[in-house]
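Participant: Below are the structure tokens for one structure; questions will follow.
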Amino acid sequence: MNIGLLIFDDAEELDFVGPYEVFTMSNEVFSLQGKPEPDNVVLISENGDKVKCRKGMVIESHTSIEDAPALDVLLVPGGQGTRTEVENKTLLEWIAAVDKSTTWTTSVCTGALLLTASGAAKGKRVTTHWGFIDQLRKRDEASEVLENTRYVRDGKVVTAAGVSAGIDMALWLVGQIHGPDHARATQRAMEYDPAPPYSAAV
């Protein structure tokens with residue numbers, strides 16, 4: 001499968017780096033079992049250029065939207081950059097076009113804003129970062145914006161709440177694509193067993 005993670009200036013780092021780790025670790029687990037790596041995981045920017053993320057991390061994309069392969073999975077991260085990209089007609093049209101042939105179209109955090117604006121998630125049940133729930137409801141009255149949930153599936157559209165929730169969603173997707181046992185092996189390989197030191201609600 002071709003798994004594409006869209007990146008752009010001011011994207012939130014963990015929104016896509018977390019899922020990238022999940023998808024590539026899944027490949028590594030297959031490799032350690034002596035099996036071929038089944039998934040091609042690519043970072044895609046509009047022009048194939050480097051992007052500077054929200055916290056200052058500079059990432060080099062693998063390809064541009066024009067040269068990207070046909071995608072089975074699309075992941076759109078959030079971050080402050082979504083407020084700019086939601087006005088980017090070229091990017092929104094690309095998301096809409098890619099969505100027509102994906103198996104899964106997904107977002108993390110305020111990436112849901114781009115999915116709804118492009119039409120890919122319009123009218124769907126979606127979620128986003130808790131701090132953007134009200135704004136997304138005002139921006140997209142056609143969609144049902146759910147809160148207090150890590151990720152939401154509506155058909156082939158899967159949206160995750162903020163930042164770390166993208167890891168949960170990506171592991172769930174690995175389970176859908178390659179089976180729960182492989183997803184559990186991937187989760188174990190990542191040492192992913194969250195036990196936050198400050199678990200009380202703020």
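Participant: With a 1.4 Å probe and all protein chains left in place, how much accessible area per residue does segment 128-202 have, in Å²?
Facilitator: On the way: 4630 Å² over 75 residues.
Here the per-residue accessible area is 62 Å².
Participant: Ok, one more. Out of segment 38-86, which trypsin sites (Lys or Arg not before Pro) are coil in DSSP terms and have no more than 11 other C-beta atoms within 10 Å? Present the calculation step by step, with values, prior to reporting the outcome.
Facilitator: On the way: sites: Lys50, Lys52, Arg54, Lys55, Arg83; in loops: Arg54, Lys55.
Here the sparse-neighbourhood loop sites are Lys55.
Participant: Compute the length gained on full extension between Gln135 and Ala97: take 0.36 nm times their separation in residues and subtract their Cα-Cα distance, giving the result in nm to one decimal. Spell out each step's value before the answer.
Facilitator: On the way: separation 38, 0.36 × 38 = 13.68 nm, distance 2.55 nm.
Between Gln135 and Ala97, full extension yields an extra 11.1 nm.
Participant: I've got another one for you. On a 1.4 Å probe surface of the protein chains, which of Ser26, Ser31, Ser101 comes out largest in accessible area, and what is the full order?
Facilitator: Values: Ser26 0, Ser31 60, Ser101 80 Å².
Result, largest first: Ser101, Ser31, Ser26.
Participant: Could you tell me what percent of the DSSP beta bridges with both partners in segment 1-136 are antiparallel, to the nearest 5? List each step's numbers first, then the result.
Facilitator: Working: 3 of 17 bridges.
Among the beta bridges of segment 1-136, antiparallel pairing accounts for roughly 20 percent.
Participant: Sequence neighbours fewer than 8 away in the same chain don't count; with that in mind, list the lysines whose C-alpha is under 25 Å from Lys50.
Facilitator: Lys89
Participant: Pull up all non-local amide H partners of Thr110: gap of 5 or more, or a different chain, and H-to-H distance under 5 Å with H placed in the peptide plane.
Facilitator: Gly78, Gly79, His129
Participant: Only Cα pairs under 8 Å and at least 6 apart count here; give the relative contact order of the chain as a rounded whole percent. Mind showing how you got there, number by number?
Facilitator: Numbers: 424 pairs, mean separation 42.5, N = 202.
Relative contact order, the chain: 21 percent.
Participant: Please work out the Cα convex hull volume for segment 26-78 and give it in Å³ per residue.
Facilitator: Details: hull volume 5.8 nm³, N = 53.
Looking at segment 26-78, the number lands at 109 Å³ per residue.
Participant: State in Å² the accessible area per residue of segment 24-123; use a 1.4 Å probe, count heavy atoms of protein chains only, and round to the nearest integer.
Facilitator: Working: 4620 Å² over 100 residues.
Here the residues of segment 24-123 average 46 Å² of exposed surface.
Participant: Leaving ligands, DNA and RNA out of it, rank Ile7, Ile177 by accessible area with a 1.4 Å probe, largest first. Could you put the intermediate results ahead of the total?
Facilitator: On the way: Ile7 5, Ile177 45 Å².
Reading off the accessible areas and sorting them downward yields Ile177, Ile7.
Participant: Which ³J(HN,Hα) values in Hz, rounded to whole numbers, follow from the phi angles of segment 78-92 under the Karplus curve 6.51 cos²θ - 1.76 cosθ + 1.60, where θ = phi - 60° and Gly and Pro get x?
Facilitator: So the Karplus estimates, Gly and Pro as x, are x, x, 4, x, 5, 5, 7, 5, 5, 9, 8, 4, 4, 5, 5 Hz.
Participant: Okay, next question. Take the Cα coordinates of the chain, assign each an equal point scatterer, and use the Debye formula without solvent to give log10 I(q)/I(0) at q = 0.11 Å⁻¹.
Facilitator: So the normalised log intensities work out to -0.46.
Participant: Count neighbours as other Cβ atoms within 10 Å of each site's Cβ, and list the GluC sites (Glu not before Pro) in segment 37-100 that are DSSP loop with at most 11 such neighbours.
Facilitator: Taking segment 37-100 and a limit of 11 other Cβ atoms within 10 Å, the loop GluC sites (Glu not before Pro) found are Glu66, Glu87.
Participant: Only helical DSSP H runs with n ≥ 4 go in: add -39500 (n - 2.57) per run for the chain, normalise by residue count and round the 222 nm mean residue ellipticity to 500 deg cm²/dmol.
Facilitator: Values: 7 runs with 74 residues, N = 202.
After summing the helix terms and dividing by the residues of the chain, the value is -11000 deg cm²/dmol.
Participant: Still on this structure: For every other residue with a beta carbon closer than 11 angstrom to the beta carbon of Val157, add +1 if it is Lys or Arg and -1 if Asp or Glu, then tell me the sum.
Facilitator: Working: positive: Lys122, Lys124, Arg125, Arg153, Lys156; negative: Asp99, Asp154.
In short, +3.
Participant: Sticking with this one: How large is the Kirkwood hydrodynamic radius of segment 58-171, counting all unique pairs of alpha carbons, in Å?
Facilitator: Details: mean 1/r = 0.0721 Å⁻¹.
Across segment 58-171, the inverse of the average 1/r is 13.9 Å.
The values are calculated or read from the model by the stated rules, or taken from the named source; none is laboratory data. In this text, all values refer to a predicted model and were calculated from it rather than measured experimentally. With ideal geometry, Cβ positions are generated from the backbone for all residues, glycine too; neighbour counts draw on all protein chains shown. SASA here: full protein model, heavy atoms, side chains in, ligands and nucleic acids out. Shrake-Rupley method; radii C 1.70, N 1.55, O 1.52, S 1.80 Å.
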